[in-house]
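The values are calculated or read from the model by the stated rules, or taken from the named source; none is laboratory data. All values derive from a computational prediction rather than experimental measurement. Note that each Cβ is placed from the backbone with ideal geometry, even for glycine, and that neighbours are counted across all protein chains shown. Ligands, DNA and RNA are excluded from the accessible area calculation, which covers all protein heavy atoms including side chains. Shrake-Rupley method; radii C 1.70, N 1.55, O 1.52, S 1.80 Å.
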Protein chains: 2
Amino acid sequence: MTVFYRGSGDAPSPDRPGRQESLRDHNLTLIYRQIAAAGARPVSRADIATSSGLTRATVSRIVEELVAGRLVAEVAPEQRSGARRPPTGLVLSREGPAGLGLEVRENYLACCIVDLTGTVRHLTIVPGDYAGQAPQEVLAGIAAMADAAIAGAREENMTVVGATLAVPGLVDGRRMIRLAPHLGWRDIDAGQLLADAITTANVPVTVDNEANLAALGEMYASEEHLTHFLYVSGDTTLGAGIVIDGHLMRGARGWSGELGHVSVDPEGAPCHCGARGCLEGYASLETLRRAMDLPASPELVSAIAAQADAGSPAMLAALDRAGVALGTVLAGLVNVFDFDTIILGGGYAVLASWLTDPVQRELDRRVLTAGWAPVEARPSLLGPDAAVIGAALTVVDEVRRYPPGWLAEGDDKRSRARRESAPQLL
Amino acid sequence: MTVFYRGSGDAPSPDRPGRQESLRDHNLTLIYRQIAAAGARPVSRADIATSSGLTRATVSRIVEELVAGRLVAEVAPEQRSGARRPPTGLVLSREGPAGLGLEVRENYLACCIVDLTGTVRHLTIVPGDYAGQAPQEVLAGIAAMADAAIAGAREENMTVVGATLAVPGLVDGRRMIRLAPHLGWRDIDAGQLLADAITTANVPVTVDNEANLAALGEMYASEEHLTHFLYVSGDTTLGAGIVIDGHLMRGARGWSGELGHVSVDPEGAPCHCGARGCLEGYASLETLRRAMDLPASPELVSAIAAQADAGSPAMLAALDRAGVALGTVLAGLVNVFDFDTIILGGGYAVLASWLTDPVQRELDRRVLTAGWAPVEARPSLLGPDAAVIGAALTVVDEVRRYPPGWLAEGDDKRSRARRESAPQLL
């Protein structure tokens with residue numbers, strides 16, 4: 001028997017032959033990551049030379065390029081009397097390239113700027129009722145927020161090098177919104193519309209599902225080294241962002257995360273999707289709203305939390321039912337995918353005091369390996385802003401993955417071209 | 001607000017500074033992959049120079065190393081009268097490094113050898129009742145099969161450079177069997193025991209879950225470019241191997257694949273794991289056996305297929321119930337992870353005529369995006385031998401990923417050391 005082998009070795013290789021000129025890019029990336037890894041602690045050229053094994057001359061030449069390109073900043077050494085003058089420290093620059101995060105939801109628009117150090121330098125939220133509004137109008141509104149943020153960033157010597165839009169729906173090709181049911185949008189080329197509507201700069205725009213971006217935001221922001229987790233976004237509908245081996249998993253068509261339509265009970269109540277017994281019918285905020293006969297409102301999650309805080313037995317029971325159903329489904333996903341952490345985000349972050357216990361109980365009870373290594377369910381760190389901050393961080397992450405592509409950051413077209421061809425080094 | 005950024009850029013970089021000496025390894029890998037990608041079609045040195053952009057001299061020097069190291073073979077050109085003598089072709093070698101696959105199951109032991117081209121050169125299956133036998137004895141038995149296969153491979157000028165053992169259970173660190181319930185094994189250092197028991201060669205042994213290895217085997221053997229699929233192994237118990245973006249996903253602790261303990265009905269029958277309503281109670285072969293009151297036997301799957309073939313209404317109904325439960329769970333996993341293919345393997349491959357329909361029906365009905373892009377359920381290509389062939393292919397895949405590490409393949413210790421440090425280039 002012959003297996004016609006089509007393993008990874010058969011895939012057309014993206015590599016080019018190794019040549020001398022690529023070494024500069026390679027070493028520049030290496031040095032940049034070393035400075036990034038030190039966080040707020042400055043490192044010296046000598047430190048870099050020692051730990052990288054590169055010559056002092058090579059390190060100095062590359063550091064000069066990084067400083068000139070505003071990817072790295074020099075900080076004055078601390079004065080120590082009597083001692084020899086300590087070396088100049090290097091840190092990531094708070095000026096230079098920055099990322100723009102945008103978010104459209106049925107009840108708010110959001111916009112933020114994050115600099116290379118990961119600091120949120122700007123964050124605006126505009127509440128409103130955007131469900132059913134014309135996509136062009138809504139996107140024009142968010143473009144105006146983006147233009148103001150870009151102009152403000154310029155005043156602080158930052159250059160916005162890319163924008164990412166978070167949407168509650170299925171996205172094709174990082175650009176087309178295939179379906180965003182609660183906005184009432186279908187087949188909208190949001191990437192193009194938004195790029196056209198932003199007038200202050202020629203920034204490349206990508207579009208992604210909000211739970212995906214929130215998961216990335218949580219990964220970047222977490223103090224643990226999170227590599228295998230499921231971010232669960234609980235709002236009107238449910239979504240999930242999947243991180244495995246430190247990478248976001250979008251699925252075969254980019255449509256991963258439809259957590260709301262996992263079956264809790266195959267013979268359960270009919271769902272609007274056409275199936276029966278879907279998790280959304282047990283655990284979405286909309287389901288809680290109907291069960292408790294609350295009015296539809298952009299402030300629904302606060303209303304639910306207020307009733308639970310006041311000790312309403314009916315609300316507490318409804319939250320427990322939601323948590324049990326959610327925990328049952330999550331335990332199944334952990335059994336198959338072996339996540340060690342579940343992050344409760346979106347509205348679930350606000351309701352975590354009541355949901356974490358039943359979710360954790362079902363995980364402990366239903367995960368086969370829970371006895372050897374428990375799975376932790378916990379609320380999101382970034383809370384309701386996780387998606388828009390995560391969106392901006394994805395832009396920053398691209399710069400940090402492959403800094404050589406960004407040294408010509410004043411030239412937007414070149415940035416865009418190089419960005420598309422940047423190899424995945426990490 | 002400051003997000004202390006811990007993105008991928010913060011992770012300690014595995015890269016070393018780029019230096020001249022690594023270019024040879026880089027270019028050697030590039031050339032090897034180009035020859036591998038052509039499959040059975042020979043490529044010439046000139047073809048390689050043209051498509052890689054490397055000089056003819058560099059290509060010739062590296063090809064010479066590959067031929068001397070028995071990673072590549074030269075094939076005589078076809079004679080064409082009158083024309084200029086065509087160039088010598090290069091193909092992957094059928095001699096040189098080869099992979100050894102081994103498998104322990106409750107009802108058989110298996111052993112196979114696969115060469116660099118992906119051809120199965122040797123396959124032995126020894127049926128028996130291995131459940132509850134002492135691990136040392138069973139592993140001694142499989143080591144004897146391995147020794148015979150290694151000796152046979154030597155006679156055909158192959159050198160077995162590594163072995164992978166497939167087991168039905170949870171594996172830690174690619175070596176320790178944490179739990180294999182149907183063998184009755186717990187905390188067995190199978191990697192060490194097997195490496196000690198194989199006496200004809202000093203081969204490094206890794207241990208992995210059978211569904212993981214079968215999934216890899218299916219990926220390597222498939223003519224489509226499978227990148228996002230779930231391999232489902234249906235036997236006494238259920239297992240799953242997960243491939244996302246072309247990579248096997250083992251999970252945070254390496255314990256992914258416990259498909260049998262996903263809930264079908266949270267209030268269902270108690271499961272031996274302590275939870276209720278687990279899929280295993282609906283869809284394992286053991287559940288079918290009990291429902292149909294069949295005797296326990298290593299030939300159980302054939303007995304089930306025979307009854308279904310004979311048109312037994314009770315058996316057909318039992319298979320349909322199993323397929324509906326399986327399809328319901330799989331639809332949930334597809335909703336969350338966006339697989340485009342489900343492969344029914346192990347005993348399910350034998351029963352696919354009766355299981356595929358109900359599974360496909362539930363996928364079509366319950367997957368939210370099925371209307372846009374259907375998900376296909378189909379039987380495995382490699383059938384019951386998928387795990388042992390996949391095990392051998394993983395060894396071959398390591399050679400193909402990083403051939404420079406294998407040019408000293410006569411020296412086992414060096415091979416092992418280089419293998420452990422081989423970068424993941426693909």
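For segment A:303-382, the relative contact order comes to 37 percent (Cα pairs under 8 Å, sequence separation of at least 6).
Taking segment B:361-384 and a reference point 7 angstrom along Cα→Cβ of B:E224, the backbone N atoms nearer than 18 Å belong to B:361-383. About the centre of its Cα atoms, segment A:108-262 shows a dipole size close to 320 debye [charges on the beta carbon of Lys, Arg (+1) and Asp, Glu (-1) only; nearest 20 debye]. Where both partners of a DSSP beta bridge lie in chain A, what percent of those bridges are antiparallel, to the nearest 5? Percentage antiparallel, nearest 5: 60. Computed 3J(HN,Hα) for segment B:382-392, one whole-Hz value per residue from the Karplus formula 6.51 cos²θ - 1.76 cosθ + 1.60 where θ = phi - 60°, is 8, x, x, 8, 4, 5, 6, 5, x, 4, 5, glycine and proline marked x.
Sorted shortest first, the distances from the B:A134 label point to those of the same residue in the other copies are 8.3 nm; each point sits 7 Å from Cα along Cα-to-Cβ. Remark on A:T159: its backbone amide H falls under 5 Å from those of A:G96, A:A98, a criterion applied only to residues 5 or more positions apart or on other chains, H modelled at 1.01 Å from N. Volume per residue for chain A equals 209 cubic angstrom (convex hull of Cα atoms). Taking θ as phi - 60° and the Karplus parameters 6.51, -1.76 and 1.60, the scalar couplings of segment B:340-352 work out to 9, 9, 10, 10, 8, x, x, x, 4, 5, 6, 9, 4 Hz in sequence order, x denoting glycine and proline. Could you work out how far the C-alpha centroid of segment B:30-55 sits from that of segment A:296-332, in angstrom? With segment B:30-55 and segment A:296-332 each reduced to a Cα centre, they are spaced 61 Å. For the pair segment B:182-206 and segment A:116-193, the centres of their Cα atoms are 55 angstrom apart. Taking other residues whose beta carbon is less than 12 angstrom from the beta carbon of A:M292, and scoring Lys, Arg as +1 and Asp, Glu as -1, yields +1. The same position A:G173 in the other copies lies at 4.9 nm from this copy, comparing label points 7 Å beyond Cα toward the beta-carbon, shortest first. Among A:G217, A:G277, A:G241, the largest mean-square fluctuation in a Gaussian network model of chain A, built with springs joining Cα atoms closer than 10 Å, belongs to A:G277. Per-residue extension of 0.36 nm, minus the Cα-Cα distance of B:I125 and B:A306, leaves a gain of 62.9 nm for this segment. With just the Cα atoms defining each centre, how far is segment B:232-252 from segment A:245-260? Give it in Å. Centre-to-centre (Cα) distance: 16 Å. In segment B:376-401, burial by the other protein chains removes 50 Å² or more of accessible area from B:R400, compared with the chain on its own (1.4 Å probe, ligands and nucleic acids ignored). Under the shape rule built on the C-alpha gyration tensor, where the axes satisfy a ≥ b ≥ c, segment A:283-388 is prolate, since a/c reaches at least 1.5 and a/b is greater than b/c.
Amide H to amide H distances under 5 Å link B:S44 with B:L90, where only residues 5 or more positions off or on other chains count and H is placed in the peptide plane. Coupling constants for segment A:242-257 follow from the phi torsions by the Karplus curve (6.51 cos²θ - 1.76 cosθ + 1.60, θ = phi - 60°), and in residue order they are 10, 10, 10, 6, x, 10, 6, 10, 9, x, 4, 10, x, 10, 5, x Hz; glycine and proline get x.
Just to confirm the number: angle between the C-alpha axis of helix B:412-421 and the first principal axis of chain B, 0 to 90 degrees, nearest 10? With rounding to tens, the tilt is 70 degrees.
Applying 1/(1 + (r/R0)^6) with r as the Cβ-Cβ distance of B:R41 and A:D187 and R0 = 45 angstrom yields a FRET efficiency of 0.60. Plainly put, the tip 7 Å out from Cα toward Cβ on B:S44 is 6.0 nm from that tip on each other copy, the closest given first.
Close amide H pairs (under 5 Å, H built 1.01 Å from N) link A:G346 with A:G234, residues at least 5 positions away or on another chain.
Adding -39500 (n - 2.57) for every DSSP H run of four residues or longer, then dividing by how many residues the protein assembly as shown holds, sets the calculated 222 nm ellipticity at -12500 deg cm²/dmol. With an a/c value of 1.5 or above and a/b not larger than b/c for the gyration tensor axes a ≥ b ≥ c computed over the alpha-carbon atoms, the protein assembly as shown is described as oblate. The contact between chain B and chain A removes approximately 8300 Å² from the accessible area (both sides summed; 1.4 Å probe; ligands, DNA and RNA excluded).
Classify segment A:231-341 from the C-alpha gyration tensor, please: rounded if a/c falls under 1.5, else prolate or oblate depending on whether a/b exceeds b/c. Here segment A:231-341 falls in the prolate category. Farthest towards the positive end of the charge dipole of chain A, among the residues A:L139, A:I177, A:T164, is the Cα of A:T164, using unit charges on the Cβ of Lys, Arg, Asp and Glu.
Computed on protein heavy atoms with a 1.4 Å probe, the accessible areas place A:C271, A:C111 in the order A:C271, A:C111, largest first.
What base-10 log of the normalised intensity I(q)/I(0) is obtained for segment A:144-192 from the Debye formula, alpha carbons as equal point scatterers, at q = 0.31 Å⁻¹? One equal scatterer on each Cα of segment A:144-192 leads to -1.08. Relative to the dominant Cα principal axis of chain B, helix B:135-155 is inclined by about 30°.
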